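One structure is given here, and the rest of the page talks about it.
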Amino acid sequence: MTLATAPREQRRGVIERYREFLPVSAATPIISLGEGNTPLIPCPKLSAQVGRGCEVFVKYEGLNPTCSFKDRGMTVAVSKAVERGMQAVVCASTGNTSASAAAYAARAGIRCAVILPAGKIASGKMVQAYAYGARVVAIEGNFDDALRVVRELGKRPEFAVVNSINPDRIAGQKSAAFEIVEELGDAPDLHLLPVGNAGNITAYWAGYREYLAAEKASKLPAMLGFQAAGSAPIFHGKTIEQPETIASAIRIGNPASWDLAKAALRDSGGAIDIVTDDEILEAQRWLAGHEGIFVEPASAASIAGLFKCCDTGRASALRTRGIEDGSQIVCTVTGHGLKDPDAVRFTTESSVRPSEAEVLRAIGF
Ligand code: F0G
């Protein structure tokens, strides 16, 4: 890449950059918002928390066009839907899939319907669905109920389902693993990420394996998934009828890609673990306050998971598995903090008169 072409290169989306690894042809129209190419941020303070010469990087997926990782898969799913002549996409969502589907459908000029659990969507995501012009339907039930309805709708010829049960979504989301390998020069030793419907862990694992097969990487990472303690079906090995967590994005009791996620965990020598809501919020605060990276609560599950793994007093997925000295560790943070502003607790000070003395006193140093 020359300096002159660099900015343009960065604007190219997932389909243009990874065409040979995706189910697209010359006949596929490209519906893109320049997704992907998100920063892999070295985190010295997080590395120090792990210690023993380990290096931690955060893959900041909140910097995608609709501020979550979903855009990587949505560019492929919507492009393929348009190629097939579909006039409408539909999805169930905890908020980010719906925001992304709505944006890409708007870009494509087709209709979008999003089926959401009533009262359980973070405000930033809700605003996005309306802003992009989606038809929003709130159901009296949770995400799992919404996905059941969407599977039914998908049997009708008029709707393309763009949840991660659509393999085009998983195909696009693999691109995050490709970018990590390209940037590090190889796969990391460990990859930590939050798990909800389990599509993303499935996608990363597929991406790492494809890059190994293509000899772009020489090894595979161990995949470590983290569920919220109140919504942890894979960890407990049973569906959860009433999942609960502050991390509304991963409030899911019956993940669609359960079996594929289990295969990724097993084949990578990884593990699944849980983090509590308090741990999630603490990790969210810590990452923003120490590394300058503001993420939504679900995204902080990977960071909370890393802290849990480093807590010598507690059993955890990583400690059980063992973390080797000098490991390269990547944590995916899946969505931007502004998606869910209500999750951040703060007190505002009362205002002061506009004088230097008063402002200095208010600053307190
Ligand atoms: N993090 C965020 C911010 C999410 O929005 C999701 C899933 C996940 C993690 C979990 O990823 O489902 O592939 O295991 N959100 C979906 C949605 C369910 O509807 O937006 P997963």
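The values are calculated or read from the model by the stated rules, or taken from the named source; none is laboratory data. Owing to the predicted nature of the structure, the values given are computational and were not obtained by experimental measurement. Ideal geometry is used to build each Cβ from the backbone, glycine not excepted, and the neighbour counts take in all protein chains shown. With ligands, DNA and RNA removed, areas are computed over all heavy atoms of the protein, side chains included. Shrake-Rupley method; radii C 1.70, N 1.55, O 1.52, S 1.80 Å.
What the table shows:
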quantity	calculated
Members of segment 16-66 found to be closer than 27 Å to Asp189 by Cα, of a type in the set (A, V, I, L, M, F, W, C) and over 18 Å from the mean Cα position of the chain (by Cα), listed by number	Phe21, Leu22, Cys43, Leu46, Ala48, Val50, Cys54
Test for Glu244: is it modelled with pLDDT of 95 or more and either surrounded by fewer than 19 Cβ atoms within 10 Å (Cβ to Cβ) or of a type outside the set (A, V, I, L, M, F, W, C) (or both)	yes
Sole exception among (1) among the hydrophobic types (A, V, I, L, M, F, W, C); (2) out of contact with any His (no Cβ under 7 Å at 6 or more places or on another chain); (3) touching a residue at least 24 places away in the same chain (Cβ under 8 Å) for Ile240, by number	(3)
Residues of segment 142-163 satisfying the condition of being closer than 21 Å to Val82 by Cα, in contact (Cβ under 8 Å) with a residue 24 or more places away in the chain and acidic (Asp, Glu)	Glu158
Failed item in (1) surrounded by fewer than 24 Cβ atoms within 10 Å (Cβ to Cβ); (2) more than 25 Å from Val162 (Cβ to Cβ), with Pro188 passing the rest	(1)
Complete set of residues in segment 125-144 that are within 10 Å of the ligand (Cβ to nearest atom) and more than 22 Å from Val344 (Cα to Cα)	Phe143
Residue match in segment 291-302 (condition: touching a residue at least 24 places away in the same chain (Cβ under 8 Å) and more than 19 Å from the chain's Cα centre (by Cα))	no
Pick from segment 94-124, criterion outside any helix (DSSP H, G or I) and near the ligand (Cβ under 8 Å from one of its atoms), ranking: most open to solvent (accessible area, probe 1.4 Å)	Thr94
Number of the exception - Ile165 against (1) within 15 Å of the ligand (Cβ to nearest atom); (2) of a type outside the set (Ser, Thr, Tyr); (3) farther than 27 Å from Glu16 by Cα; (4) open to solvent by 10 Å² or more (accessible area, probe 1.4 Å)	(3)
Sole residue being open to solvent by 20 Å² or more (accessible area, probe 1.4 Å), within 14 Å of the ligand (Cβ to nearest atom) and in contact (Cβ under 8 Å) with a residue 24 or more places away in the chain, chosen from Ile272, Ile280	Ile272
Tally of residues being basic (Lys, Arg) and in contact with a Cys (Cβ under 9 Å, 6 or more places away or on another chain) across segment 229-276	0
In segment 236-263, the residues that are more than 30 Å from Glu182 (Cβ to Cβ) and away from the ligand (no atom under 13 Å from the Cβ)	His236, Gly237, Lys238, Thr239, Ile240, Glu241, Gln242, Glu244
Every pair of residues 6+ apart whose Cβ atoms lie under 9 Å, when the first sits in segment 202-214 and is touching a residue at least 12 places away in the same chain (Cβ under 8 Å) while the second is hydroxyl-bearing (Ser, Thr, Tyr) and part of a helix (DSSP H, G or I)	Ala203/Ser175; Gly207/Ser175
Among residues of segment 192-242, those that are of a type in the set (Val, Ile, Thr) and in a helix (DSSP H, G or I), counted	3
Residue match in segment 164-184 (condition: in a helix (DSSP H, G or I), over 23 Å from Phe143 (Cβ atoms) and without any contact (Cβ under 8 Å) to a residue 24 or more places away in the chain)	no
Selected residue (only one of Ala249, Ala203, Ala198, Ala217 is touching a Phe, Trp or Tyr at 6+ places or on another chain (Cβ under 8 Å) and over 15 Å from Ile272 (Cα atoms))	Ala217
